[in-house]
Amino acid sequence: MNSAVAFDERVTGLLTWLRLAGLPVPVGSSVVFVDAIRRLGDDLHSLYWAGRATLTHSPADIDLYDHTFRQWILGAGFTASPVPQIEHVTVVIEEEDGSDIDSGKKPAESDENVIRFSRAESLRAKDFAELDDEERAEVNRLLNELRFVGATRISRRRHRSNHSKGRPDLRRMIRESLRTGGEPIHRRSTVRRRVPRRVVLLADVSGSMESYSRALVRFAHVAVAAHADVEVFAMGTRLTRLTRELSTHDPDRALTQAAAAVTDWSGGTRLGESLRRFNDQWGIKGMARGAVVVILSDGWDRGDVTELSEQMQRLQRVAYRIVWVNPLKSSPGYAPLAKGMAAALPFVDEFVEGHSFNSLEGLSRIVARAGRTEFPRRSELSQ
């Protein structure tokens, strides 16, 4: 018992000294630090390297960490850096009409030391996992108003055009010239227009994605309601097609229908098995051919990572672009170390965040850009 108390005192003492020295030590890093010490041991050598590996994030942090650690070991008197005197500022949250939330009055523009920001703007960047019920309802309203353009491609078929640009439509010009004595007066041409490119959304609804899955399914509903060529699937311990359930215009009803259709919502996840079923039943047969495939998952997988790697490779051969959206990517110091994420990442074209409204708004632009940009074929890149 005494050794456990001494261990806790040493850890909390070091963390306290580091915070006093000005080194940012979030709670998550502290938890990883304690876990590392329990695995390595609580001797000074292990303490130093465990702290340096988990509590520092830049070369400047390492220098500050080394200096503080030496002071902590020597037991020298520690004096925190002087804190500069700053002016007190007032934070004012404004409603959409410009009024103050607390007083209901519009603050004067001449007020000094007042920082104003819109509540909606602050919620746009807030992590879905940190929203309360009122904020979540507001973010859902923003998601319902999100405009999803979808992806497009150049059609292989040629269409009639009255403009001079394009390939000459000789058959049409000759047929019309019969009315003018064989003289082709009007130039007719054919052009290749842009048509919708299919977008396939594969959303992870497992327990590890519980804080984000409902917002991601709402984003999928926005995509389906935009009348774009969109297919939606839910991935858990099994694969469930949700396109029909999300085709209604009522977002709340769509989410209720989707939750009822997915029997393993907030359960386990087998990404490799779900992708294999998608490839065998829909993807390889035509749904994923030339499509922009968007996978919304944190990469945690309880299944065989070898199968996940094989299925991602199969999907890459037929898909136009693969975009992986990971809500954890926005976390400070994040690295794709999860086995599932590490196995899938070599076959991903774009790896982006998906933790907030702003990130999903950016995702809609990424999908539209991926469809419009004519990327070289992967076979050409390998040569």
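Out of the residues in the stretch 176-214 that are in a loop (DSSP other than H, G, I, E, B) and touching a residue at least 40 places away in the same chain (Cβ under 8 Å), state the one that is surrounded by the fewest Cβ atoms within 10 Å (Cβ to Cβ). Even if it seems obvious, please write down each step before you answer.
Pass one, the stretch 176-214, residues in a loop (DSSP other than H, G, I, E, B): 181-188, 192-193, 198, 205-206.
After this cut, where a residue has to be touching a residue at least 40 places away in the same chain (Cβ under 8 Å) as well, the list is 198, 205-206.
Values: Arg198: 22, Val205: 27, Ser206: 24.
Step by step, filter the stretch 176-214, then rank; the result is Arg198.
Among residues belonging to the stretch 19-41 that are closer than 16 Å to Tyr334 by Cα and hydrophobic (A, V, I, L, M, F, W, C), point out the one that is farthest from the chain's Cα centre (by Cα). If we take residues in the stretch 19-41 being closer than 16 Å to Tyr334 by Cα and hydrophobic (A, V, I, L, M, F, W, C), then Phe33 is farthest from the chain's Cα centre (by Cα). For the stretch 279-297, a residue qualifies if it is of a type in the set (A, V, I, L, M, F, W, C), within 10 Å of Arg314 (Cβ to Cβ) and in contact (Cβ under 8 Å) with a residue 40 or more places away in the chain, and exactly one does: Ala288. The selection criterion, being surrounded by 17 or more Cβ atoms within 10 Å (Cβ to Cβ) and either assigned by TED's automatic domain parsing to the domain that holds Ser206 or in contact with a Gly (Cβ under 6 Å, 6 or more places away or on another chain) (or both), holds for Arg276.
The number of residues in the stretch 153-175 being over 27 Å from the mean Cα position of the chain (by Cα) and surrounded by 15 or more Cβ atoms within 10 Å (Cβ to Cβ) comes to 5.
Restricting the first member to the stretch 306-317 and to residues that are charged (D, E, K, R), and the second to residues that are in a helix (DSSP H, G or I) and surrounded by 17 or more Cβ atoms within 10 Å (Cβ to Cβ), the beta-carbon pairs closer than 6 Å and six or more apart or on different chains are Glu307/Gly272; Arg314/Asn279. Residues satisfying the criterion are absent from the stretch 334-353 (criterion: hydroxyl-bearing (Ser, Thr, Tyr), out of contact with any Cys (no Cβ under 7 Å at 6 or more places or on another chain) and either crowded, with 16+ Cβ neighbours inside 10 Å or at pLDDT 90 or above (or both)).
Taken over the stretch 42-60, the criterion of being assigned to a helix (DSSP H, G or I) and buried (at least 17 other Cβ atoms within 10 Å of the Cβ) is satisfied by Leu47, Ala50, Gly51, Thr54, Leu55.
When the stretch 22-41 is filtered for residues that are assigned to a helix (DSSP H, G or I) and of a type in the set (Gly, Ala, Ser), the ones remaining, listed by number, are Gly28, Ser29, Ser30, Ala36.
Looking at the stretch 257-372, what helices (runs of 4 or more DSSP H) fall wholly within it and have at least 3 residues that are closer than 15 Å to Leu201 by Cα?
Numbers: elements: 271-278, 305-318, 339-344, 357-372.
Output list reads 271-278, 305-318, 357-372.
Of the residues making up the stretch 240-265, those that are within 20 Å of Gly303 (Cα to Cα) and surrounded by 15 or more Cβ atoms within 10 Å (Cβ to Cβ) are Thr240, Val262, Asp264, Trp265.
Can you work out which of the residues in the stretch 61-84 that are surrounded by 11 or more Cβ atoms within 10 Å (Cβ to Cβ), closer than 13 Å to Trp17 by Cα and touching a Leu at 6+ places or on another chain (Cβ under 8 Å) is modelled with the lowest pLDDT? Walk me through it before giving the result.
Residues of the stretch 61-84 surrounded by 11 or more Cβ atoms within 10 Å (Cβ to Cβ): 61-73, 78.
Checking the rest, the ones that are also closer than 13 Å to Trp17 by Cα come to 64-73, 78.
Cutting the leftovers down to touching a Leu at 6+ places or on another chain (Cβ under 8 Å) gives us 64-65, 68-69, 72-73, 78.
Values: Leu64: 85, Tyr65: 85, Thr68: 83, Phe69: 83, Trp72: 78, Ile73: 72, Phe78: 43.
If we take residues in the stretch 61-84 being surrounded by 11 or more Cβ atoms within 10 Å (Cβ to Cβ), closer than 13 Å to Trp17 by Cα and touching a Leu at 6+ places or on another chain (Cβ under 8 Å), then Phe78 is modelled with the lowest pLDDT.
Note on the stretch 324-339: among residues that are in contact (Cβ under 8 Å) with a residue 40 or more places away in the chain and touching a Phe, Trp or Tyr at 6+ places or on another chain (Cβ under 8 Å), the one that is farthest from Gly299 (Cα to Cα) is Pro327. Scan the stretch 220-248 and report the pairs whose first residue is under 17 Å from Gln281 (Cα atoms) and in the same structural domain as Ala259 (by TED's automatic domain parsing) and whose second residue is surrounded by fewer than 18 Cβ atoms within 10 Å (Cβ to Cβ) and of a type in the set (Gly, Ala, Ser), with Cβ atoms within less than 6 Å and a gap of 6+ or a chain change. Matching pairs, first to second residue: Gly236/Gly267; Thr237/Gly267; Thr237/Gly268; Thr240/Ala261.
The values are calculated or read from the model by the stated rules, or taken from the named source; none is laboratory data. The shown structure was predicted, so the numbers you read here are calculated from the model rather than taken from an experiment. Note that each Cβ is placed from the backbone with ideal geometry, even for glycine, and that neighbours are counted across all protein chains shown.
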